[in-house]
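Report on the structure given below.
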Amino acid sequence: SGLALALALALALPLPSVALENGLARTPPMGWMSWERFRCNVDCQADPRNCISEQLFFEMADRLAEDGWRELGYEYINIDDCWSAKQRDAAGQLVPDPKRFPSGIKALADYVHARGLKLGIYGDLGIFTCGGYPGTTLENVKQDAQTFAAWGVDMLKLDGCYSSAEEQAKGYPEMARALNATGRPIVYSCSWPAYQGGLPPKVNYTILAEICNLWRNYDDIQDSWESVLSIVDWFFTNQDVLQPAAGPGHWNDPDMLIIGNFGLSFEQSRSQMALWTVMAAPLLMSTDLRTISPSAKEILQNRLMIQINQDPLGIQGCRIVKEKSQIEVFLRPLSRAASALVFFSRRTDMPFRYTTSLAKLHFPEDAVYEVQDVYVGKIVGALRTADNFSVVINPSGVVMWYLRPMALPLQPWHVARQQAPGEGFHPALL
């Protein structure tokens, strides 16, 4: 199942990949996005500080550049819906709302670039955007791609409201070609699968990986734990289909990080970060970086967590254990024979002591690992595959481990990797 797929994918790594060859998003994109926190608030008279305006994006760019985010890899500042005027101009071009973006998008892009950051923008393949602004119909695809490139945009999220399945099947690949034809490197985020239920036969992940750098598969995230759990459930229930589709240059996108907002407890915030990292998900924060709490900031700026998320192999992790005790275990194979393990509790009563061994989690026999707790930072040396160990997991919380091999079985992993899959060889070694 998921483990076999992780292995098959890793074994296939040396082969040339048939991904969208724009050379972008070799690791999951990281940055900030306006939607979940600021939505379609366009009332700048009543709420100048929080409305969708150039001011909001100038201020968030300053925060990314000055508060330690950029150095950790958070580089995209992404405008979502509701930025444009209600009509195209006389030449049929998209234009920003003149009151809320008086300097224009090009000036905003220049401001963002001057701070060592990148600008993302939002479009919709349809008559209107989801918020009722002008959409990109098939005859506008080329023109809009050229407009975005001329403005200096670095990422495009293309939504799918107000369009048919046929228009989407035509328009999403067409936009990929149009963006590449501009000559400007623009990361392409597609919402296509989310509008087709996210699963085969309606969704063809082979085609998606050839045209998009990342794609939304499922529902919009809301500011609640219930929403996070529904996304986690859908992604891991369908991991056998979704996991092989991800890799360098093409990622499943479970939607934004809502850490730092109103709906998640401290433990739940840690859980979202850990589970998104195991999924090799884009880390696009949607919170107010001007007022973020120190504890939320600490979760989002965890260096080891980010290193795991950005692992160059780009293998999406899988759920490998689901216990009756409501404990679940997730594994992500990493480069240099390392692994990330997440122990997650769905319990709502009290901290739970969970006992297992690496052998039970399908790690290779006779291996020895150095274990680092990703949140606590503590390093435990010399854990053998056969050793039983216990972790105490808080309700709706996680314990996350980073495992580096100290000693591997006699046959080195890179030799084993060139053999046929199977015969007791487990992907935790990859």
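The values are calculated or read from the model by the stated rules, or taken from the named source; none is laboratory data. In this text the structure is predicted, and so the values were computed from the model without any measurement. Glycine also receives a Cβ, built like all others from the backbone with ideal geometry; neighbour counts cover every protein chain displayed. Areas reflect the complete protein model, heavy atoms only, side chains present, ligands, DNA and RNA absent. Shrake-Rupley method; radii C 1.70, N 1.55, O 1.52, S 1.80 Å.
Could you list, in sequence order, all residues of region 376-392 that are open to solvent by 90 Å² or more (accessible area, probe 1.4 Å) and either over 31 Å from the mean Cα position of the chain (by Cα) or in the same structural domain as residue 298 (by the TED database) (or both)? Can you show your working first?
Residues of region 376-392 that are open to solvent by 90 Å² or more (accessible area, probe 1.4 Å), as a first pass: 376, 378-379, 384, 388.
The answer is 384, 388.
Yes/no matrix, rows are residues, columns are (1) surrounded by 16 or more Cβ atoms within 10 Å (Cβ to Cβ); (2) free of Cβ contacts under 8 Å to residues at least 12 places away in the same chain; (3) not in a loop (DSSP other than H, G, I, E, B):
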residue: 61; (1), (2), (3): yes, no, yes
residue: 65; (1), (2), (3): yes, no, yes
residue: 74; (1), (2), (3): yes, no, no
residue: 91; (1), (2), (3): no, yes, no
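Is at least one residue of region 122-143 of a type in the set (Lys, Arg) and open to solvent by less than 60 Å² (accessible area, probe 1.4 Å)? Break it down into steps so the answer makes sense when it comes.
To start, the set of residues in region 122-143 that are of a type in the set (Lys, Arg) comprises 142.
Subsequent filtering for residues that are open to solvent by less than 60 Å² (accessible area, probe 1.4 Å) retains none.
No: zero hits.
Does region 263-317 hold any residues that are under 23 Å from residue 245 (Cα atoms) and acidic (Asp, Glu), and which are they?
Listed by number, the list holds a single entry, 311.
Do we find a residue being in a helix (DSSP H, G or I), of a type in the set (Gly, Ala, Ser) and surrounded by fewer than 18 Cβ atoms within 10 Å (Cβ to Cβ) anywhere in region 112-120?
To start, the set of residues in region 112-120 that are in a helix (DSSP H, G or I) comprises 112-114.
So of that shortlist, the ones also of a type in the set (Gly, Ala, Ser) come out as 114.
Next cut, surrounded by fewer than 18 Cβ atoms within 10 Å (Cβ to Cβ) only: 114.
Checked region 112-120: at least one residue is in a helix (DSSP H, G or I), of a type in the set (Gly, Ala, Ser) and surrounded by fewer than 18 Cβ atoms within 10 Å (Cβ to Cβ).
Looking only at residues that are closer than 19 Å to residue 270 by Cα and in contact (Cβ under 8 Å) with a residue 60 or more places away in the chain in region 348-375, which one is surrounded by the most Cβ atoms within 10 Å (Cβ to Cβ)?
Result: 374.
If I filter region 252-266 for residues that are acidic (Asp, Glu), surrounded by fewer than 24 Cβ atoms within 10 Å (Cβ to Cβ) and in contact (Cβ under 8 Å) with a residue 12 or more places away in the chain, do I get at least one hit? Steps first, please.
Going residue by residue through region 252-266, those that are acidic (Asp, Glu) are 253, 255.
Remaining after also requiring surrounded by fewer than 24 Cβ atoms within 10 Å (Cβ to Cβ): none.
Checked region 252-266: no residue is acidic (Asp, Glu), surrounded by fewer than 24 Cβ atoms within 10 Å (Cβ to Cβ) and in contact (Cβ under 8 Å) with a residue 12 or more places away in the chain.
Would a scan of region 412-429 turn up a residue that is at pLDDT 80 or above and in contact with a helix residue (DSSP H, G or I) (Cβ under 8 Å, 6 or more places away or on another chain)?
Initial filter on region 412-429 (at pLDDT 80 or above): none.
No, there is no match, as no residue in region 412-429 is at pLDDT 80 or above and in contact with a helix residue (DSSP H, G or I) (Cβ under 8 Å, 6 or more places away or on another chain).
Just to be sure before I move on: is residue 156 farther than 19 Å from residue 35 by Cα and in contact with a Phe, Trp or Tyr (Cβ under 7 Å, 6 or more places away or on another chain) in the structure I sent? First the steps, then the outcome.
Details: farther than 19 Å from residue 35 by Cα: no; in contact with a Phe, Trp or Tyr (Cβ under 7 Å, 6 or more places away or on another chain): yes.
Against the criterion (farther than 19 Å from residue 35 by Cα and in contact with a Phe, Trp or Tyr (Cβ under 7 Å, 6 or more places away or on another chain)), residue 156 does not qualify.
When the residues of region 237-247 are narrowed to those that are of a type outside the set (Asp, Glu) and over 23 Å from residue 24 (Cα atoms), which ends up most open to solvent (accessible area, probe 1.4 Å)? Spell out how you get there, then give the answer.
As a first pass, look at region 237-247 and keep what is of a type outside the set (Asp, Glu): 237-239, 241-247.
Those left that are additionally over 23 Å from residue 24 (Cα atoms): 237-239, 241.
Numbers: 237: 98, 238: 32, 239: 18, 241: 58 Å².
Per the criteria, the residue is 237.
Condition check ((1) among the β-branched types (Val, Ile, Thr); (2) surrounded by 24 or more Cβ atoms within 10 Å (Cβ to Cβ)) across all residues:
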{"residue": "276", "(1), (2)": "no, yes"}
{"residue": "306", "(1), (2)": "yes, no"}
{"residue": "317", "(1), (2)": "no, yes"}
{"residue": "325", "(1), (2)": "no, no"}
{"residue": "329", "(1), (2)": "yes, no"}
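Determine whether residue 123 is farther than 28 Å from residue 310 by Cα and among the small types (Gly, Ala, Ser). Write out each step before concluding.
Working: farther than 28 Å from residue 310 by Cα: no; among the small types (Gly, Ala, Ser): yes.
No: the conditions fail for residue 123.
Among (1) open to solvent by 30 Å² or more (accessible area, probe 1.4 Å); (2) assigned to a strand (DSSP E or B); (3) at pLDDT 95 or above; (4) more than 20 Å from residue 272 (Cβ to Cβ), where does residue 403 come up short?
(1)
Within region 267-292, how many residues turn out to be closer than 22 Å to residue 34 by Cβ, part of a loop (DSSP other than H, G, I, E, B) and in contact (Cβ under 8 Å) with a residue 24 or more places away in the chain?
Total meeting the criteria: 8.
Of the residues 147, 136, 182, which single one is under 16 Å from residue 22 (Cβ atoms) and touching a residue at least 24 places away in the same chain (Cβ under 8 Å)?
Details: 147 fails: under 16 Å from residue 22 (Cβ atoms); 136 fails: under 16 Å from residue 22 (Cβ atoms).
Unique residue meeting the criteria: 182.
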